[in-house]
Amino acid sequence: MDWQLVILMLIGFVAGFINTFAGGGSLISLPFMMFLGLPANVANGTQRIAIFFQNIVGTASFKQQKVFNFKEGIWYSIPTIFGAIIGASIAVEINEEIMKNIIGALLIFMFFFVILKPDLWLKSKSEFIKTKPTFIQVITLFFVGLYGGFIQAGVGFFLIAALVLGVGFDLVKANAIKLFIVLLYTLFALSIFIFEGLVNYKFGVILAIGNMTGTFIASRYAVNWGPKFVRYILIIVLLGVSLQIFGIFEYLYHLI
C-alpha cells in the first residue's frame, strides 16, 4: 500500500469521526480523492462506498446503545430516500461556485444559530414528537435527500438541523437517526453510481476502512459525553467547513 492510500485511510478516519458527530467529513475526503486523480463525478460516487459502510457501523453502535429504534428511523428515512434517488439520477447544470457559496452561507447561519440558541439543540422535545413525520417534515427531508443524493458532502448538517429543529430530537439521537437515514438512502444512490460506472472500488474500500474506524470511536464518545459535547463539536466543524468553502484557509496560506 503506497503512501497516498495510507493518507486516504487516515482521511477516512477523520471524515468518519466528523460525520458521526456533526457532518461535513465528505468535504475533506472528496477533494482529496480528486487530488489523487479521480474525476469529480467518480470521486462523488466512490465516497458512497465509505459512507455506506461507515453508517452500518455507526447505526449498529447507536442501536446497541439503545439511542434510537428502527421504527422511528424508517419513517423519517422514506422521504429522504425518494429525494436521494432523484438527486443521484438527474443531471443538473449548476454553477459550482454559486452552490458552494450558498452552502457556505447556510453553514455560517447554522453556526451562529447553534451558538445563540443552545437550548433548541440540547433539549429533546420527545413528548411532542410523532412516530410519523408531518407534511412539512416530509418536504424538508425530501429536499435534504435530494441534495444528499446529488452531492452528499455537507448533508449531515442539514439532516441534523431537520431532525433537531424540525422534529425535536436532541443532538445525540438526531446523530444516530441521521446515520440510519444516510445508510438507507446511500444504498439507492450508490447503486445508481455503480450502474453508471462512476465508482473506484479500490479507493472506496480503503476510504471505508478509515471511515468505519472513525465512526465506531465517535459513536461511543457521542453517547457517553452527551448532547452538550456534540454541540461543541458541531460548532467547531461548522466554522471550519464554512471557512474552507469560502477559501479562507487557502487565502491565509498564501498570505503566509
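Read the figures in this text as sums done on the coordinates, not as results from a lab. All values reported here derive from a predicted model rather than from experimental measurement. All Cβ positions, glycine included, derive from the backbone under ideal geometry; neighbour counts span all protein chains shown.
In the P(r) worked out for the range 44-91, what percent of Cα pairs fall beyond 18 Å?
46 percent
Per 0.36 nm of contour for each residue apart, how much would the distance between VAL205 and ALA60 grow if the chain were fully extended, relative to their Cα-Cα spacing? Spell out each step's value before the answer.
Numbers: separation 145, 0.36 × 145 = 52.20 nm, distance 1.92 nm.
Here the answer is 50.3 nm.
Can you grab the distance from the C-alpha centre of the range 154-217 to the C-alpha centre of the range 1-33, Å, no decimals?
13 Å
Please sort by residue number the trypsin sites (Lys or Arg not before Pro) in the range 30-78 whose DSSP state is loop and whose Cβ has at most 12 other Cβ atoms within 10 Å. All intermediate terms of the calculation are to be shown ahead of the outcome.
Details: sites: ARG48, LYS63, LYS66, LYS71; in loops: LYS66.
Passing both the DSSP loop test and the Cβ count: LYS66.
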